[in-house]
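To keep things clear, I will list the structure first and then write my remarks on it.
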Amino acid sequence: MLQHAAGQPASCHSAPPAAPWQVLVVAEGPAGLARTAQALHGLHFLGRRLQLHATTSAAEARQLLRAVPDMAVALIDLALDTPQAGLALVDHIREVMGQRGLRIVLRTGPRCGLPARRALAEHDVNACLEAETERRDEEALPLAVLGALRAHGEVQALHAAIHALQQRAITDPLTGLYNASHLTPTLERVLSSAQRRDEPVSVVFLDVDDFKLINDEHGHLRGDEVLRQVGLALLNNSRLEDCCFRYGGDEFVVVLPNCSLAQVQQRYLPRLLQAFDQLGLSVSHGACETGPGSYLAGQLLLRQADERMYERKRQHRCRHADGVPDRSGA
C-alpha cells in the first residue's frame, strides 16, 4: 500500500520508526532533481519512508552507491552529461560494482532517442519511464518506485532463502556446527590463506569417550543431548575465526587458523577440556600443526590429528579396562 506521511496513524506507544528505503536519484539537472523530490515527497511503502540520495553526476552516483550499501532503488536519467550516459552508469553498476539486487528505473526523455524496449532488452534495467512532462512525473514516478521497492523486497527475500538453503546444506542439524561436507573446502581455503601469510594452522580431532555406553544406558535422546552440549562447548570456547565441525557420529573437528600446536596445547585444549569436565564428559583428542614454512595437504593434516586422537582413545580404553580414572589433559 502506498501512503503519504500524513496517512500514518498516531500512537502513544508506537514502535520506533522503521529504517527508510534508500533511493538514489540521478537526474540530468537541478530541475529534474527538484521535480523528482516533489513527486516522491511524503511517500511511504510498507510503513517505511523514502530517503533520497540525489545527484546530477554519474561519478558521484557511484560514490553514493559505495557509501550506502543498502540502496534499494535507483532512478536514473538516460541523458546526463551525454545523451546516453545513464546507460553507461547502469552497466557500471551491474558489471563493475556487481550490484544485481538494486532495482533500476531508467527515465528517458525527448532528446534521448532510445526506445524503452531496447533499454530493457540490452541492459539490466528493471523498468523505463518516459519523463516528458512534470505532470507525467508526478503520476508515474510514485507507481514506478512502488513497483521497484516491491521487486527489491522479493529479490531480498529470495536471496535470504537461497542463503538459508546454502547454510542448511553445510550445517549439522543436531549441533548447529558445520558438517563434514564443508570440511575439505574450508581446510583448502584456510591453508591457502595461511601460505600467503606464512602462518601456522592447527587441526584438533575430538571423540566423546564411551559414547556407545551413554546411548545404551541412557537412550539416544540423552546421546543427542550430549552431542549438542559438545557442539555448544566447542562454539563457546573457540575463536570467531575457528571453524567447528561435527565430522560424524560422536567425532568433531576444529580448524584453527593462525594457531600453533603449542598454543593449542597450552591455551585452547585446557580451556575446552575444562568445559567438558564441567559437563561430566570425557573426550579424547588429537592435534596436529602445519606451517609456517612448509604445509601438509589438508587430508594428511586431518589423518595425523585423527591418528593422535585414536591413540588417546586407545589409552582411555586401557585405563578404563584397568579401572584407572581417566585424566584427559592436554
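The figures follow:
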item	result
Residue list for segment 208-219, filter: part of a loop (DSSP other than H, G, I, E, B) and closer than 30 Å to Q263 by Cα	D209, D210
In segment 80-102, residue surrounded by the most Cβ atoms within 10 Å (Cβ to Cβ) [restricted to those that are over 17 Å from A127 (Cβ atoms) and aliphatic (A, V, I, L, M)]	L80
A58 more than 24 Å from E154 (Cα to Cα) and buried (at least 18 other Cβ atoms within 10 Å of the Cβ)	yes
Leading residue by the ranking (surrounded by the most Cβ atoms within 10 Å (Cβ to Cβ)) among those in segment 66-79 that are outside any loop (DSSP other than H, G, I, E, B) and among the β-branched types (V, I, T)	V73
Members of segment 6-36 that are surrounded by 11 or more Cβ atoms within 10 Å (Cβ to Cβ) and modelled with pLDDT under 50	Q8
Subset of segment 162-189 [within 19 Å of the chain's Cα centre (by Cα), in contact (Cβ under 8 Å) with a residue 60 or more places away in the chain and closer than 21 Å to R271 by Cβ]	L177, Y178
R239 vs. criteria part of a helix (DSSP H, G or I) and either loosely packed, with under 13 Cβ neighbours inside 10 Å or not aromatic (F, W, Y) (or both)	no
Among the residues listed as F205, F245, the single one being touching a Lys or Arg at 6+ places or on another chain (Cβ under 8 Å) and part of a strand (DSSP E or B)	F205
Filter result (under 20 Å from D306 (Cβ atoms) and surrounded by fewer than 20 Cβ atoms within 10 Å (Cβ to Cβ)) within segment 264-285	Q265, L281, S282
Unique match (being in a helix (DSSP H, G or I) and either out of contact with any strand residue (DSSP E or B) (no Cβ under 9 Å at 6 or more places or on another chain) or at pLDDT 80 or above (or both)) among R135, R111, R117, R107	R135
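The values are calculated or read from the model by the stated rules, or taken from the named source; none is laboratory data. Everything numeric in this text was worked out from a predicted model, so none of it was measured. Heads up, the Cβs are rebuilt from the backbone with ideal geometry, glycines too, and the neighbour counts pull from every protein chain shown.
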